[in-house]
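**Student:** Pasting a structure here, questions to come.
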Amino acid sequence: MVDYVAGENVNQVVDKGKGVPVHDTPGYELPLLLFGGFRTLIDRLHARLADEGHPDMRPAHGFAMQAIGVHGATASDIGRRLGVSKQAAGKTVDRLLAVGYAERADDPADARRKLVRLTPRGYDALARSAAIFDDLRAEWIAALGADRVRDMEAALRNVVPAETAFRLDATSWLGAP
């Protein structure tokens, strides 16, 4: 969101009148529009998840549940995958435990370690999320056309480095989970 105070855009750092090349669209709009699209999809996902029995699910939970994975993970592993401290990961794990999306279990390979594993409720939330994302993509296709959505996805794949396209550590720069 761009903030306006007394009719002035307070988020625009560069004044076009100071030698900056003029474009048809200011450069700062691209990340804001991309983030706005992301937020729109995530907000709609969570509204649907709430309607489908997951009112406690939060965006950070989805990242954490992906970091836990199908085989489980320790709090340290989760923190490393999310790019946050073990303590921050532990807080998110505690919340996932409290709302029934995860459970702690002994590590069969090392009795000293505790694994965090997804529960059937956690798997249900992820499965519903995947189906809802498919529905939301279909809505974008209905609004924009299939070719435009595919072109947008292909264009993003061209400019987003493959090694960062599906990273889970977004929470580390958006704020701890």
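**Student:** Quick check on this structure: which one of Thr92, Thr74, Thr119 is more than 27 Å from Glu163 (Cα to Cα) and of a type in the set (S, T, N, Q)? First the steps, then the outcome.
**Tutor:** Details: Thr92 fails: more than 27 Å from Glu163 (Cα to Cα); Thr74 fails: more than 27 Å from Glu163 (Cα to Cα).
Answer to the check: Thr119.
**Student:** Can you pull out every residue in the range 45-84 that is among the polar types (S, T, N, Q) and assigned to a helix (DSSP H, G or I)? First the steps, then the outcome.
**Tutor:** Of all residues in the range 45-84, those among the polar types (S, T, N, Q) come to 66, 74, 76.
Passing the criteria: Gln66, Ser76.
**Student:** Now a separate question. Among residues belonging to the range 30-56 that are of a type in the set (A, V, I, L, M) and open to solvent by 50 Å² or more (accessible area, probe 1.4 Å), point out the one that is modelled with the highest pLDDT.
**Tutor:** So the first thing to find is which residues in the range 30-56 are of a type in the set (A, V, I, L, M), and the list is 30, 32-34, 41-42, 45, 47, 49-50.
From the residues that got through so far, the ones that are open to solvent by 50 Å² or more (accessible area, probe 1.4 Å) too are 30, 32-34, 47.
Working: Leu30: 93, Leu32: 93, Leu33: 94, Leu34: 92, Ala47: 97.
Among those that are of a type in the set (A, V, I, L, M) and open to solvent by 50 Å² or more (accessible area, probe 1.4 Å), it is Ala47.
**Student:** Further, regarding this structure: Take the conditions in contact (Cβ under 8 Å) with a residue 12 or more places away in the chain and among the aromatic types (Phe, Trp, Tyr) and apply them to Phe63. Does it pass? Let's see the steps before the verdict.
**Tutor:** Values: in contact (Cβ under 8 Å) with a residue 12 or more places away in the chain: yes; among the aromatic types (Phe, Trp, Tyr): yes.
Taking the combined requirement at face value, the residue satisfies it.
**Student:** Can you pull out the residues in the range 83-102 that are hydrophobic (A, V, I, L, M, F, W, C), closer than 16 Å to Gly122 by Cβ and either touching a residue at least 60 places away in the same chain (Cβ under 8 Å) or open to solvent by less than 30 Å² (accessible area, probe 1.4 Å) (or both)? Lay out the reasoning, then the answer.
**Tutor:** Restricting attention to the range 83-102, the residues satisfying the condition of being hydrophobic (A, V, I, L, M, F, W, C) are 84, 88-89, 93, 96-99, 102.
If we keep only those that are closer than 16 Å to Gly122 by Cβ as well, we get 89, 93, 96-99, 102.
Within the range 83-102, Ala89, Val93, Leu96, Val99, Ala102 meet the criteria.
The values are calculated or read from the model by the stated rules, or taken from the named source; none is laboratory data. Since the structure is predicted, the reported quantities are computational estimates derived from the model, not experimental observations. When we count neighbours, we look across all protein chains shown, and the Cβ atoms used for this are built from the backbone with ideal geometry, even at glycine. Remember, those area values only see protein heavy atoms, side chains included, never the ligands or the DNA or RNA. Shrake-Rupley method; radii C 1.70, N 1.55, O 1.52, S 1.80 Å.
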